[in-house]
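Only one structure is covered here, and it is reproduced in the block below.
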Amino acid sequence: MQTAKGLWGNKRFRLLAGGVVLVLVVVLLAPTFYTFISTRGNRYNLDHVAVQDVPKRRVAIVFGAGIYENRAPTPYLRWRIETAVKLYKAGRVQKILMSGDNSTVEHNEPFVMSNYAKKLGVPDKDLAEDYAGFNTYDTCYRAWAVFEVRDAILVTQGYHLPRAVVTCQRQGINVIGAAAQSDQRDWAATYLLRELFSTDKMVVQNIVNPGPKYLGPKEPVK
């Protein structure tokens with residue numbers, strides 16, 4: 001029986017191992033690369049494009065990004081909400097759908113999101129809350145099936161935007177994306193790495209198209 005050192009000394013084994021690694025890398029990276037390239041024309045960076053130049057859609061969908069124990073939004077979530085409010089005040093959208101995690105009484109992202117938007121001047125009548133937006137897939141699925149959103153601007157960080165756009169498109173929503181503006185770098189290596197695996201997971205979800213964790217009755221955004 002050959003030892004590991006002996007196997008690595010075998011040229012054929014090294015070529016086989018290298019081929020396996022290459023295939024795994026391609027499988028991991030290909031969905032992210034395709035998602036990034038295929039959505040280029042549907043994504044807008046407000047650091048480079050004026051808010052008024054973003055095409056109009058009826059609804060802005062804001063994805064949850066965590067809250068603190070004192071019910072304040074994390075910086076990432078705050079930037080998303082502020083960007084959606086800018087779009088609203090510029091007349092790019094008429095309504096804002098806040099989608100986030102409300103898995104416990106203490107953790108109510110949509111409530112915090114809407115409350116912050118109200119402080120920024122958005123009236124309650126133009127806000128809707130999705131309390132079962134536990135992840136990107138559930139948010140997009142429920143936006144179509146529960147809230148009957150047919151066209152939207154997705155608001156999230158730039159690294160997340162390609163996957164969000166593809167996921168919502170797969171559910172039948174006519175979407176574009178607006179990268180959340182921030183006063184500092186809005187990404188980290190850990191987020192980018194997580195996005196690689198999440199995009200691979202998205203491919204499976206888009207093929208199988210399972211239902212969300214919770215569906216519930218229809219609540220059209222009016």
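Derivation of every value follows stated rules applied to the coordinates shown; laboratory data play no part. Keep in mind the model is a prediction, meaning the values are calculated, not measured. Quick reminder, even Gly has a Cβ in these numbers, built from the backbone with ideal geometry, and neighbours come from all protein chains shown.
Quick notes
- Note, ³J(HN,Hα) from phi for the range 154-171, Karplus 6.51, -1.76, 1.60, rounded to Hz, x at Gly and Pro: 8, 10, 6, 5, x, 5, 8, 4, x, 5, 5, 4, 5, 5, 5, 4, 4, 7
- The range 42-208 - Rg over Rh from alpha carbon coordinates, Kirkwood radius: 0.93
- Put simply, the amide H of residue 129, placed in the peptide plane, has neighbours under 5 Å in 98, leaving out anything fewer than 5 places away on its chain.
- Mean separation of Cα contacts under 8 Å (6+ apart) over length of the range 42-208, as relative contact order %: 26 percent
- Positive minus negative residues near residue 137 (Lys, Arg vs Asp, Glu; Cβ under 10 Å): +4
- Shape class for the range 141-185, computed from the alpha carbon gyration tensor (a ≥ b ≥ c): prolate, with a/c not under 1.5 and a/b above b/c.
- Interchain or long-range residues, amide H under 5 Å from residue 177's placed H: 43, 44, 154
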